[in-house]
């Protein structure tokens, strides 16, 4: 195969490669911005297609086809029928090998879609790649649960959804992201978050009070419904202590109590309890893995005292790991909680500002966030001002695909060649690892 044109015109390769699924409510301005950014994602127009998941949005948005939305999905109620293990609904209409679910107020940042394809290419068992959601300036937003599929800002391998043989709208529409994650992992697929797969908001940010109340509600509901019984109360107590501290620091006590009431009500619905499998629970909270990695860091740096960076939702795993390793936690550096100038503690551990934390005696600082982008940003900031070891225990996972991403970033698909490629007209699934490996080899030979 001597050229990229030869590759994309072979029967093995079908277009489009990517299907964007926009979850919207018919805000024309937001959809226009989303389509504008999608058109600049780095793929030629022939290499992707765009759908609205909510048909009501398409009906309320006159002339949607004028800015690139080529087809609206059926109403959600019509997407739940399954016949002979063949999903009737969006999956049957989507032709892309990779499905990217986004809200109408979000868009992929330049280069992220190519890197997403690289992630799937590098790991044949990767079923869902979770994007990092950022504000309009590129700063990662606070997110509590990494490695959880479903909802917006998630991409799926279509082959993965086909292999499940169940209603896929619940996955694509984000009806229940934890159940979706459990379903994917039970089928042998991996779900991972990536620091350099970025989504940005182009719409107004949601109200802080609404976000805060929703997080408190979600934490209680998730622990009560999904966590193994032995871990329900430990995590619920830990999360509510954290939420109270944040509510006090951010003047969000009414939102806290509103979310608490909704969360308690949701947690009382015992009939809905569906505990996660042990491996899925470990993938979510990383209890055993945190201890293993902290013990390895302890041996390397001779750690006896540590500073924890941020009061993260997964602080319990780090506290238990430190206790098991006989490491003393001297303080928690969290500028958000310490900003009000008052003295705060969590389980007897003082919460201080970064400036105060740098004056303390400790052997190493450890980032507590499991989100790769947030942990990396926190460690990078501290490494500029402190010469002691600043550790992200899961940094190696974030760097696993760096070499591949650099390769993919150099790849440029040719519009003219792609225009001659065949378009998928039925549910034929091209193995994605074969597509990009051959494209990459062709590009390397022609370089």
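The values are calculated or read from the model by the stated rules, or taken from the named source; none is laboratory data. Keep in mind that what you see is a predicted model, and the values were worked out from it rather than measured. When we count neighbours, we look across all protein chains shown, and the Cβ atoms used for this are built from the backbone with ideal geometry, even at glycine.
Observations
- Where residue 396 falls short, out of the listed (1) modelled with pLDDT under 95; (2) surrounded by 17 or more Cβ atoms within 10 Å (Cβ to Cβ); (3) assigned to a helix (DSSP H, G or I): (2)
- Single condition residue 296 does not satisfy, out of (1) out of contact with any helix residue (DSSP H, G or I) (no Cβ under 6 Å at 6 or more places or on another chain); (2) surrounded by 23 or more Cβ atoms within 10 Å (Cβ to Cβ); (3) closer than 17 Å to residue 393 by Cα: (2)
- Some residue of region 23-39 being modelled with pLDDT of 65 or more, surrounded by 15 or more Cβ atoms within 10 Å (Cβ to Cβ), at positive phi and under 25 Å from the mean Cα position of the chain (by Cα): yes
- Among residues of region 129-150 that are closer than 15 Å to residue 368 by Cβ, those with a beta-carbon under 6 Å from a residue that is modelled with pLDDT of 70 or more and surrounded by fewer than 19 Cβ atoms within 10 Å (Cβ to Cβ) at least six positions away or on a different chain give the pairs 140/134.
- Residue check, residue 377 under 30 Å from residue 123 (Cβ atoms), in a helix (DSSP H, G or I) and modelled with pLDDT under 95: yes
Rundown of residues vs (1) at pLDDT below 70; (2) out of contact with any helix residue (DSSP H, G or I) (no Cβ under 7 Å at 6 or more places or on another chain); (3) closer than 26 Å to residue 214 by Cα; (4) surrounded by 23 or more Cβ atoms within 10 Å (Cβ to Cβ), yes/no style:
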residue	(1), (2), (3), (4)
124	no, no, no, no
127	no, no, no, yes
144	yes, no, yes, no
172	yes, no, yes, yes
182	no, no, yes, yes
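- Candidates 292, 296, 262: the one that is at pLDDT 90 or above, out of contact with any strand residue (DSSP E or B) (no Cβ under 8 Å at 6 or more places or on another chain), in a helix (DSSP H, G or I) and more than 23 Å from residue 147 (Cβ to Cβ) is 262.
- Of all the criteria given as (1) within 21 Å of residue 153 (Cα to Cα); (2) surrounded by 15 or more Cβ atoms within 10 Å (Cβ to Cβ); (3) at pLDDT 50 or above; (4) more than 22 Å from the chain's Cα centre (by Cα), the one not satisfied by residue 14 is (1).
- Checked against the criterion of being in a loop (DSSP other than H, G, I, E, B), in contact with a strand residue (DSSP E or B) (Cβ under 6 Å, 6 or more places away or on another chain) and closer than 27 Å to residue 181 by Cβ, region 302-317 contains one or more residues that satisfy it.
- Residue that is surrounded by the most Cβ atoms within 10 Å (Cβ to Cβ) [pool: residues in region 318-344 that are part of a helix (DSSP H, G or I), in contact with a helix residue (DSSP H, G or I) (Cβ under 8 Å, 6 or more places away or on another chain) and modelled with pLDDT of 95 or more]: 318
- Pairing each residue of region 348-362 that is on the phi < 0 side of the Ramachandran plot and surrounded by 14 or more Cβ atoms within 10 Å (Cβ to Cβ) with any residue that is in a strand (DSSP E or B) and modelled with pLDDT under 95, provided the two are 6+ apart or on different chains, yields C-beta distances under 6 Å for 351/344.
- Residue 70 vs. criteria out of contact with any helix residue (DSSP H, G or I) (no Cβ under 6 Å at 6 or more places or on another chain), under 28 Å from residue 121 (Cβ atoms) and modelled with pLDDT under 75: yes
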